[in-house]
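Take a look at the structure set out below.
Each value in this text was obtained by applying a stated rule to the coordinates, not by laboratory testing. Only a predicted model underlies this, so the values are computations on that prediction, with no experimental measurement involved. Neighbour counts are summed over all protein chains in view; Cβ atoms, including those assigned to glycine, are modelled from backbone coordinates with ideal geometry.
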Amino acid sequence: MFNIDFIFGASTASYQIEGSIDKDGKTSSIWDTFTKTKENILDGSDGSIVCDSYIKYKDDVKLLHELGVKAYRFSIAWSRVIDKNNNPNQKGLDYYINLCKELRKYNIKPYVTLYHWDMPQWLEDIGGFLNDEISNYFMHYTDVVTKAFDGYVSDYITINEPQCIMFLGHRLCVHAPGVKYNDKEMLKAIHNLLLCHGKSVKIIRKNVKNSTVGFAPCSRPMIPTTNDQLLYKKCYEEYYKLDRDNEYPNNVSIYSDPVFLGDYPKEYYEKFKDILPKITKEDLELINQPVDYIYQNFYSGTFYSLDKDNNLVKEPFPFGYPEGNIDWLQVVPQTLYYGPKYLYERYKKPIIISENGFCNNDVISLDGKIHDPERIDYINRYLIELEKISKEIPIKGYFYWSLFDNFEWNSGLKKRFGLVYIDYKNGNRIKKDSYFEYKKIIEKGGI
Ligand code: GBH
């Protein structure tokens with residue numbers, strides 16, 4: 001069981017569920033642009049309708065209420081609430097205010113993510129994260145939102161998965177905007193992104209009474225296959241290694257060290273000494289604004305062992321073990337034990353799991369229901385591990401990803417993560433078996 005005040009929640013993001021991509025003064029976002037090129041998306045789909053949450057938000061809240069969650073994590077589409085002249089768009093703000101009012105009716109706390117990847121296209125056109133003004137634009141956006149939501153929202157998450165923004169969006173180019181940065185540009189963009197976070201935190205503190213703030217990176221923890229102390233230590237070091245797998249934009253310490261510890265790791269200055277962006281003491285102080293939680297999105301992990309010379313080696317995922325139907329989602333429940341453990345050991349702050357979930361090719365059975373025993377198994381196995389670690393360190397909450405099947409970015413609509421099935425033919429929403437399972441878990445307060 002978890003503590004009595006443990007927060008059970010569910011998560012979504014604007015572009016993945018809302019639809020209505022050009023209603024009420026919304027401008028285009030980079031995802032509206034990116035999905036126009038059909039080859040960018042596995043099944044050629046886009047976010048123009050998906051769960052239709054812009055229209056059906058009251059039904060969304062009913063589903064959350066019946067599920068029994070205390071909290072709902074959703075994101076704001078920047079392109080709905082700020083117009084092309086950088087002025088507030090009241091109609092867009094009203095959508096989210098109405099959503100919050102509805103949530104409050106049922107005593108569900110909104111957890112608002114400010115940036116879940118859908119940058120306004122007009123900002124991308126003037127350089128996106130390479131524009132040195134981007135953090136001022138983000139600060140202004142934060143100011144507008146926090147003032148408009150005054151009294152409705154006190155819990156904010158600045159940025160979702162900086163790793164995916166930079167690595168998938170600007171290195172592999174499989175996500176929007178699909179603009180490739182070289183190393184020098186990458187470092188500058190990362191620094192600007194961290195400044196967005198820091199300046200935004202400052203504004204939230206100024207405008208919001210009793211606020212809580214965090215940002216939500218993702219990571220794939222190293223899972224030791226034995227209890228050997230040396231193996232644990234090496235896994236921990238590997239987790240924080242700046243250039244692990246030669247993928248520094250996809251790793252942990254380049255973002256989380258500045259945010260929680262106030263500086264980039266030592267290796268950063270050594271490795272990049274010739275191409276460093278301009279970093280001032282004031283910048284580092286801004287980025288290091290006190291935050292309340294470490295949010296983290298955890299889905300899967302990788303097994304490791306030691307060879308006979310005590311070198312760390314990656315183990316293959318055991319043949320025949322359960323996997324989701326998306327290539328990176330192996331079922332590794334210990335992810336929710338070791339992941340939080342590594343984070344707490346280095347950053348020493350309470351942890352909230354902002355996303356965790358299972359992807360399946362769910363179908364409507366003859367009886368009209370969605371039977372998803374694999375997802376039920378996943379949730380139980382992962383929460384058992386989370387309960388275990390919560391006896392050792394402060395774990396404050398868990399948000400299942402996702403309330404709905406939704407637009408899974410470049411993987412399109414066929415990759416289903418929801419507790420609620422969406423029938424894309426007619427827009428019907430059907431509660432899966434896992435919805436009822438999660439409801440039971442919440443009622444009991446744990447596994
Ligand atoms: C999260 O990202 C997102 O926040 C959410 O919007 C999304 O729908 C959900 O999870 C499910 O995917 O580096 O090439 O090996 C997903 C987490 C982390 C998945 C990085 C892909 C590995 C890609 N992602 N991961 S790669």
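Points worth noting:
- Rounded, prolate or oblate (a/c below 1.5 giving rounded, otherwise prolate when a/b exceeds b/c) for the chain by Cα gyration tensor: rounded
- Counting neighbouring Cβ atoms within 10 Å and putting the fewest first, the residues Thr225, Thr146 line up as Thr225, Thr146.
- Prolate/oblate/rounded call for segment 49-119, Cα gyration tensor, a/c under 1.5 rounded: prolate
- Here segment 153-213 is treated with +1 on each Lys and Arg Cβ and -1 on each Asp and Glu Cβ, and its dipole about the Cα centre works out to around 300 debye.
- Under the span-like rule (Cα at least 15 Å along the axis, Kyte-Doolittle mean at least -0.5), DSSP H helices of the chain: 134-148, 183-207
- Positive end of the dipole of segment 53-160 (Cβ unit charges, origin at the Cα centre): among Phe129, Val153, His140, the Cα lying farthest that way belongs to Val153.
- Partners for Lys180 among aspartates and glutamates (Cα-Cα distance below 16 Å; same-chain residues under 8 apart left out): Glu124, Asp125, Glu247
- For segment 7-444, with +1 on Lys and Arg beta carbons and -1 on Asp and Glu, the positive-most of Ser365, Pro316, Ile353 along the dipole: Ile353
- Three-way shape label, segment 301-343, alpha-carbon gyration tensor, a/c 1.5: oblate
- The dipole here belongs to segment 7-444: it is taken about the Cα centre, uses +1 on the Cβ of Lys and Arg and -1 on the Cβ of Asp and Glu, and is about 1180 debye.
- Reachable aspartates and glutamates from Lys91, criterion Cα separation under 16 angstrom, eight or more residues apart if same chain: Glu18, Asp22, Asp24, Asp83
- Length released on extending from Asn246 to His371, taking residue separation times 0.36 nm less the Cα-Cα span: 41.0 nm
- Amide H contacts under 5 Å for Glu323, placed H, 5+ residues apart: Val331
- Each of Ser75, Val61, Val332 was scored by the projection of its Cα onto the charge dipole of the chain, and the greatest displacement toward the positive side belongs to Val61; charges sit on the C-beta of Lys, Arg, Asp and Glu.
- Trypsin sites (Lys or Arg not before Pro) restricted to segment 198-295 and DSSP loop, no more than 12 other C-beta within 10 Å: Lys209, Lys273, Lys278
- Estimated FRET transfer efficiency when R0 is 25 angstrom, pair Leu172-Thr280 (beta carbons, to 0.05): 0.25
- Rounded to the nearest 20, the size of the Cβ-charge dipole of segment 1-119 about its Cα centre is 420 debye, with Lys and Arg at +1 and Asp and Glu at -1.
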